[in-house]
């Protein structure tokens, strides 16, 4: 089979499409024929060796796939051969086939395409867990989404709307602002035109945002701390700016706010500590809810462009250049 193989960190010439042996099936796992593989900023970090889910070379990158089940281990019960599925993996997604633990494989409704489905195992799942499980978002609360035109941001807008929030969203080009509107943001904030915090306070009658979703970090996080509401919750989702900010404890104290950590991998067994009993049922219920919203047209995963497997470098370059709206993906046949 074909797979993208990384032989050493941070050396593009050492990563290429190769012919490799199909991986052996393991107990508790399924073999998935990959039709679509998601490409994300996290994949860039993995290839540099700087992501928390570090894989040692040689390895195949890729954490989100959608496709068809080819083979199941004898102890698998949730899916069967021929099922259309989305799946999350620690690595290995940029390949014709991938072996996936049953606990991170999710059957797809007929109405959800592979191109839509590949957004769910990490991006939409993270937004759902952030708002529903960690921030306990309530209907009528105000959510601020930073870096909102990326895949994480658009997913956050839509999930927050499904949970009944009023959504303010930030971007920096006319095209990206149009995307925020299409995906349901009620207040658009153009970061080119002035202070984001001033715009948020103006849109909330001086109160600020109840929940802030931040995949950017750096100055965006510091600006967000100036417009968070009392009893507010800020969720640092990532550091696309390259700047990991410090949390000023005095502001947390004075403003009575909570800084919430969230690592989706903890819920699917990728963390250092196993998830608590019953988490698998909780995760599957979340995917059922999200797929229902997708079928209803309330979630609309946006794929900016696709490439064949051989175009993985171009896909990663598009992510690195910050030109992408939504996600990009690799399509395999």
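In table form, for the structure just shown:
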| item | result |
| --- | --- |
| Residues (in contact with a helix residue (DSSP H, G or I) (Cβ under 9 Å, 6 or more places away or on another chain) and surrounded by 18 or more Cβ atoms within 10 Å (Cβ to Cβ)) located in the range 192-213 | 196, 197, 199, 200, 208, 209, 211, 212, 213 |
| Residue ranges of strands (runs of 3 or more DSSP E) in the range 219-332 with at least 3 members surrounded by 19 or more Cβ atoms within 10 Å (Cβ to Cβ) and in contact with a strand residue (DSSP E or B) (Cβ under 6 Å, 6 or more places away or on another chain) | 228-236, 327-331 |
| Residue in the range 54-69 that is more than 16 Å from the chain's Cα centre (by Cα), under 30 Å from residue 148 (Cβ atoms) and surrounded by 17 or more Cβ atoms within 10 Å (Cβ to Cβ) present | yes |
| Strands (runs of 3 or more DSSP E) fully within the range 1-109 counting 1 or more residues that are in contact (Cβ under 8 Å) with a residue 12 or more places away in the chain and closer than 27 Å to residue 289 by Cα | 29-39, 64-72, 84-88, 97-101, 105-107 |
| Checklist (1) out of contact with any helix residue (DSSP H, G or I) (no Cβ under 9 Å at 6 or more places or on another chain); (2) more than 26 Å from residue 292 (Cα to Cα) applied to residue 181, failing item | (2) |
| Residues within the range 1-39 that are surrounded by 21 or more Cβ atoms within 10 Å (Cβ to Cβ), farther than 28 Å from residue 78 by Cα and modelled with pLDDT of 95 or more, tallied | 1 |
| Per-region count, the range 110-140, residues touching a helix residue (DSSP H, G or I) at 6+ places or on another chain (Cβ under 9 Å), within 17 Å of residue 209 (Cβ to Cβ) and in a helix (DSSP H, G or I) | 3 |
| Residue that is surrounded by the most Cβ atoms within 10 Å (Cβ to Cβ) [pool: residues in the range 40-53 that are under 19 Å from residue 312 (Cα atoms) and in contact with a helix residue (DSSP H, G or I) (Cβ under 7 Å, 6 or more places away or on another chain)] | 40 |
| All positions within the range 198-218 that are in a helix (DSSP H, G or I) and modelled with pLDDT under 95 | 218 |
| So residue 143, is it assigned to a strand (DSSP E or B), over 24 Å from residue 3 (Cβ atoms) and in contact (Cβ under 8 Å) with a residue 60 or more places away in the chain | yes |
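Yes/no matrix, rows are residues, columns are (1) closer than 26 Å to residue 43 by Cβ; (2) more than 14 Å from the chain's Cα centre (by Cα); (3) surrounded by fewer than 20 Cβ atoms within 10 Å (Cβ to Cβ):
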site	(1), (2), (3)
133	yes, yes, yes
151	yes, no, no
165	no, yes, no
217	yes, yes, no
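The values are calculated or read from the model by the stated rules, or taken from the named source; none is laboratory data. The structure presented is a predicted model; accordingly, all values stated were derived computationally and were not measured. Please note: Cβ atoms are built from the backbone with ideal geometry, for glycine as well, and neighbour counts cover all protein chains shown.
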